[in-house]
Amino acid sequence: MGFQTEFNSVCKFKSSQELFELLEYGRGKMVKSGFRVFPTGQKVIAYTPDNEAIAIVKIVASIAEINFQGEEVTQVEMELVRRLTEEEASVQTKLAYEMFFGEQV
């Protein structure tokens, strides 16, 4: 058991449904495996499951727990600040590939 620290400007969705709910309702949450620390109160860039920058979100809660299946998980609750413009999304995506995701193929 241990906590993994997330980089403080990246919030990558693994589930399209979780991302859809955030964009549709302005609030949402995602569940990550393992115990993680997210920067509560900070604004971060949200990325789609395909590593595309899509929005700025504010992390409002980060709850690490052991679920009913005995798995260590972290729930991250967030609010949508705004969607990125096409130009912003393109620049942020390119930077993220260079810094975090590896080279684009």
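The values are calculated or read from the model by the stated rules, or taken from the named source; none is laboratory data. Being a predicted model, the structure only gives us computed values, none of them experimental. Backbone-built Cβ (ideal geometry, glycine too); neighbour counts: all protein chains shown. Heads up: the accessible areas ignore ligands, DNA and RNA and are worked out on the full protein's heavy atoms, side chains in. Shrake-Rupley method; radii C 1.70, N 1.55, O 1.52, S 1.80 Å.
Couple of notes before you dig in:
- Å² of accessible area per residue within the chain, as computed with a 1.4 Å probe and no ligands counted: 62
- Radius, Kirkwood style, for the stretch 43-95 when every pair of distinct Cα atoms is counted (Å): 12.5
- Seen from GLY26, the other residues with C-beta closer than 15 Å to its C-beta sum to a net charge of +1, counting Lys and Arg as +1 and Asp and Glu as -1.
- Where a label projected 7 Å from the Cα of PHE101 along Cα→Cβ would reach, residues of the stretch 11-29 with amide N under 11 Å: 12-13
- Over all pairs of different C-alpha atoms in the chain, the reciprocal of the mean inverse distance, the Kirkwood hydrodynamic radius, equals 14.1 Å.
- Low-density loop cleavage sites - GluC sites (Glu not before Pro) in the stretch 14-105, where at most 16 other Cβ are within 10 Å (DSSP): GLU52, GLU71, GLU103
- By accessible area, using a 1.4 Å probe on protein heavy atoms only, the stretch 27-105 has 49% of its surface on carbon and sulfur.
- The aspartates and glutamates within cross-link reach of LYS32, meaning a Cα-to-Cα straight distance under 12 Å and a gap of 8 or more places when in the same chain, are GLU6, GLU18, GLU65, GLU71, GLU72, GLU77.
- Extension gain from ARG83 to LYS43, taking 0.36 nm per residue of separation minus the Cα-Cα distance: 13.2 nm
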